[in-house]
Amino acid sequence: MTGPEHVFNQIQSSDSGEYYCEAQNEMGTDRSRTINMDVKCGPKSTSVSVSPSGEIVEGSSVTLTCSSDANPPVDKYTWYKKNGVYYPSTTYMTTGPHLVFNQIKSSVTGEYYCETWNGMKTGRSESINVNVRCE
């Protein structure tokens, strides 16, 4: 780039990094000090995945994982069952990026989604269907 300024149109977190400029004339070249630019943003691309993938059989262990791209990083995860009832149950669920079902039961069948918060904004995933087959 040339010119005395650089304009970021629609700045994104991927623009974060170290920047400096150089000036040059017939007498020589000089370089500025380096500055660090840290672009903050709320959670985006929030999604839920299930592990293991494939058929879920009653009695097995299943983990739902919530992930999100945010700066600063997500520090609060909230899990919901699609019927709108706030869900963790202290019996077999935990809060945080992982929702773990140990010895899953067919009554857990339903659609789940997560919400993320990083102090700036809330992100919400699409729901994922958890279908537990009775054994």
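Read-outs: derived from the displayed coordinates by stated rules, not from any lab. None of these values were measured; they are calculated from a predicted model. Note that each Cβ is placed from the backbone with ideal geometry, even for glycine, and that neighbours are counted across all protein chains shown.
Which GluC sites (Glu not before Pro) in the stretch 1-37 pass both tests, a DSSP loop state and at most 16 other beta-carbon atoms within 10 Å? It would help to have the intermediate numbers written out before the result.
Working: sites: Glu5, Glu18, Glu22, Glu26; in loops: Glu5, Glu26.
Within the stretch 1-37, the qualifying GluC sites (Glu not before Pro) (loop, at most 16 other Cβ atoms within 10 Å) are Glu5, Glu26.
At 7 Å along the Cα-to-beta-carbon direction for both Ser47 and Ser13, put a label point, then send me their distance in nm to one decimal.
Inter-label distance under the simple model: 1.5 nm.
In debye to the nearest 20, how big a dipole does the stretch 42-133 give about its Cα centre with +1 on each Lys and Arg Cβ and -1 on each Asp and Glu Cβ?
Values: 8 positive and 7 negative charges, 34 e Å.
With only Lys, Arg, Asp and Glu charged at Cβ, the dipole is about 160 debye.
Evaluate E = 1/(1 + (r/R0)^6) for Glu135 and Thr78, where r is the Cβ-Cβ distance and R0 equals 25 Å; express this FRET efficiency to the nearest 0.05.
Working: r = 31 Å, r/R0 = 1.23.
Step by step, r from the Cβ atoms, then E = 0.20.
Provide the net charge surrounding Ser60, with neighbours chosen by a C-beta distance below 13 Å and charges set as Lys +1, Arg +1, Asp -1, Glu -1. Could you put the intermediate results ahead of the total?
Working: positive: Lys105, Arg133; negative: Glu55, Glu58, Glu135.
Computed value for this residue: -1.
Please compute the contact order of the chain in relative form: average sequence separation of alpha-carbon pairs under 8 Å and at least six residues apart, divided by the residue count, as a percent.
Details: 283 pairs, mean separation 34.0, N = 135.
Reported relative contact order: 25 percent.
Which aspartates and glutamates have a Cα less than 17 Å from the Cα of Lys76, not counting those fewer than 8 places away in the same chain?
By straight Cα distance, Lys76 reaches Glu115.
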